[in-house]
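Input: a single structure, listed below in structure tokens.
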Amino acid sequence: MDILVTIYDIAKKTGFSVTTVSKVLNNYSDVSEKTKKIITEAVEEMNYFPNSSARTLSTKKSWTIGVVFAESLNIGIKHPFFNEVIESFKQTVEVYEYDLLFASRNLHNPKKSYLDHFRYRGVDGVVIVCSNTDDQEVKELMKDSIPSVVIDLNSKTSTVVYSDNLQGSKLAIEHFASLGHTQIAHIAGSQTTFAGQQRLNGFYETMKQLSLGVNEEYIVDGEYFSHEGGYKAMEQLLSLPTKPTAIYAASDSLAIGAMEAIKDNGYSVPKDFSLIGFDDIVLAAFVHPKLTTVKQRTDIIGQKSAELLLKQINNKKKSIEIVQIPVELIIRETCKKL
């Protein structure tokens with residue numbers, strides 16, 4: 001029969017107090033990295049598993065974090081960006097033995113909101129992955145006192161983490177300009193989304209900074225960042241009497257859809273049209289030609305969101321911070337010099 005290892009055994013082995021061991025297990029910040037390392041190694045070596053009921057009683061925590069997906073495509077975790085962000089978030093919080101509780105739009109009681117659901121389940125905090133700026137239930141959740149972090153949206157009532165969308169647009173347009181392109185189009189993401197708004201604003205600002213005239217016919221709605229939206233938007237651009245030479249798409253899915261429309265209409269990338277996407281999803285490096293794109297650091301977004309939420313949970317106080325994650329241009333094969 002296996003002997004149950006206790007927190008007292010960890011303290012005895014490492015020479016630290018039970019309080020210090022407890023602080024490390026609960027991710028408190030006032031412990032040195034050296035101490036954390038020694039205790040963490042002992043925990044792994046001795047196969048320590050805290051009793052969940054006892055831990056809940058002693059810490060007054062549920063050790064559960066609620067997860068909400070509120071995005072316009074309604075595909076949630078299947079979306080490559082959100083999938084990668086939540087995986088990074090999960091890897092960070094599970095080190096401290098938190099479980100994730102995913103909220104469904106189709107709760108058993110349709111009158112029960114996300115906030116009602118999470119209060120009922122007693123979660124310690126909530127991560128909200130959100131692109132829709134008008135979701136009322138999300139707004140209610142963000143205003144509440146429960147610790148929360150929102151990904152991919154700006155807010156004055158909750159801590160938020162998002163990519164530098166304006167800089168991403170700037171990198172894309174400057175790259176086109178460096179290759180001699182002046183007739184630049186933008187396949188925009190839905191303007192009901194924060195990212196869509198920001199990337200379109202970045203397009204306009206950079207075109208103005210570079211003294212490049214904006215042809216309003218070159219601004220096409222790609223709807224909700226989908227492959228189909230990119231295909232339809234590109235067909236609209238191809239129908240113009242004077243076609244652009246370069247297209248900046250607000251997501252890789254839009255860009256890949258646009259690429260397919262270009263090929264179906266007898267043209268090729270980058271010979272006839274140069275193309276840049278946004279996200280750097282895994283598929284971007286495997287389409288032909290390989291897609292030049294603005295890379296979002298999904299690993300950092302997920303990790304930073306987790307750290308900010310854990311800090312609020314440990315401090316037992318909601319905080320409001322804005323964290324913008326840098327982006328970078330990944331140059332591959334879809335752009336050519338004029």
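In whole angstrom, how far apart do the alpha carbon centroids of the stretch 279-305 and the stretch 212-226 sit?
If you average the Cα positions of each part, the centres end up 22 Å apart.
Where Lys and Arg each count +1 and Asp and Glu each count -1, what net charge lies around Ala11 among other residues with Cβ under 15 Å from its Cβ?
Charge balance near Ala11 sits at +1.
Below 8 Å, C-alpha to C-alpha, sequence gap of six or more: please give me the relative contact order for the chain in percent.
18
Go through the stretch 261-291 and name the chymotrypsin sites (Phe, Trp or Tyr not before Pro) that are in a DSSP coil and have 12 or fewer other Cβ atoms within 10 Å of their Cβ.
Those that pass, being in a loop and sparsely packed, are Phe286.
What does the helix-only formula give at 222 nm for the chain: each DSSP H stretch with n ≥ 4 adding -39500 (n - 2.57), the total divided by the residues, and the result rounded to the nearest 500 deg cm²/dmol?
After summing the helix terms and dividing by residue count, I get -13000 deg cm²/dmol.
Counting other Cβ atoms within 10 Å of each Cβ, which trypsin sites (Lys or Arg not before Pro) in the stretch 272-338 have at most 10 and sit in a DSSP loop?
When the trypsin sites (Lys or Arg not before Pro) of the stretch 272-338 are filtered for loop state and at most 10 Cβ neighbours within 10 Å, Lys316, Lys317, Lys337 remain.
Report the net charge of residues surrounding Lys311, where surrounding means a beta-carbon distance below 15 angstrom and charges are Lys +1, Arg +1, Asp -1, Glu -1.
Here the charged neighbours net out to +2.
Relative contact order, percent, of the stretch 270-316 when contacts are C-alpha pairs under 8 Å separated by at least 6 residues?
30
With a cut-off of at most 12 other beta carbons within 10 Å, and DSSP calling the residue loop, which trypsin sites (Lys or Arg not before Pro) in the stretch 167-273 qualify? Please list them.
When the trypsin sites (Lys or Arg not before Pro) of the stretch 167-273 are filtered for loop state and at most 12 Cβ neighbours within 10 Å, Lys271 remain.
Got the relative contact order for the stretch 185-301 handy, in percent, Cα pairs under 8 Å and 6 or more residues apart?
23
Short version: ³J(HN,Hα) in whole Hz for each residue of the stretch 303-312, in order, from phi by Karplus 6.51 cos²θ - 1.76 cosθ + 1.60 (θ = phi - 60°), x for Gly and Pro, what are they?
Coupling constants for the stretch 303-312: 5, 5, 4, 5, 4, 5, 6, 4, 4, 5 Hz.
Among the listed pairs Lys112/Lys156; Lys61/Lys295; Lys90/Lys336; Lys34/Lys139; Lys156/Lys304, which have their C-alpha atoms separated by more than 30 angstrom in this model?
Lys61/Lys295; Lys90/Lys336; Lys34/Lys139
Amide H of Leu101: which non-local residues (sequence gap of 5 or more, or other chain) have their own amide H closer than 5 Å, using H built in the peptide plane?
Result for Leu101 returns Ile65, Gly66, Val67.
Within the set of other residues whose C-beta is less than 13 Å from the C-beta of Thr245, count the net charge using Lys and Arg as +1 and Asp and Glu as -1.
+3
Over the chain, with the other protein chains present, what is the accessible area per residue in square angstrom, probe 1.4 angstrom?
For the chain, the per-residue accessible area is 49 Å².
Longest segment of the chain with no GluC sites (Glu not before Pro) in a DSSP loop having at most 15 other Cβ atoms within 10 Å?
Segment 98-320 is the longest.
Rounded to whole Hz and in sequence order, give me ³J(HN,Hα) for the stretch 149-163 from the Karplus expression 6.51 cos²θ - 1.76 cosθ + 1.60, θ = phi - 60°, writing x for Gly and Pro.
Coupling constants for the stretch 149-163: 9, 10, 9, 6, 7, 9, 7, 9, 10, 7, 5, 10, 9, 8, 6 Hz.
Roughly what % antiparallel, to the nearest 5, for the DSSP beta bridges in the chain?
Of the beta bridges lying entirely in the chain, close to 10 percent run antiparallel.
In degrees from 0 to 90, rounded to the nearest 10, what is the angle of the helix 252-264 Cα long axis to the longest principal axis of the chain?
It works out to around 30 degrees.
List every residue whose amide H lies under 5 Å from the amide H of Gln296, counting only residues 5 or more places away in sequence or on a different chain, with H placed 1.01 Å from N in the peptide plane.
Distant-sequence amide H within range of Gln296: Asp279, Asp280.
What list of ³J(HN,Hα) couplings, whole Hz, do you get for the stretch 190-195 from phi and the Karplus terms 6.51, -1.76, 1.60, once you set θ to phi - 60° and write x for glycine and proline?
Computed from phi, the couplings for the stretch 190-195 are 3, 7, 7, 10, 4, 4 Hz.
The values are calculated or read from the model by the stated rules, or taken from the named source; none is laboratory data. These figures come from a predicted structure and were not determined experimentally. Glycine gets a Cβ as well: all are built from the backbone with ideal geometry, and neighbour counts include every protein chain shown. The accessibility values were calculated without ligands, DNA or RNA, using every heavy atom of the protein model including side chains. Shrake-Rupley method; radii C 1.70, N 1.55, O 1.52, S 1.80 Å.
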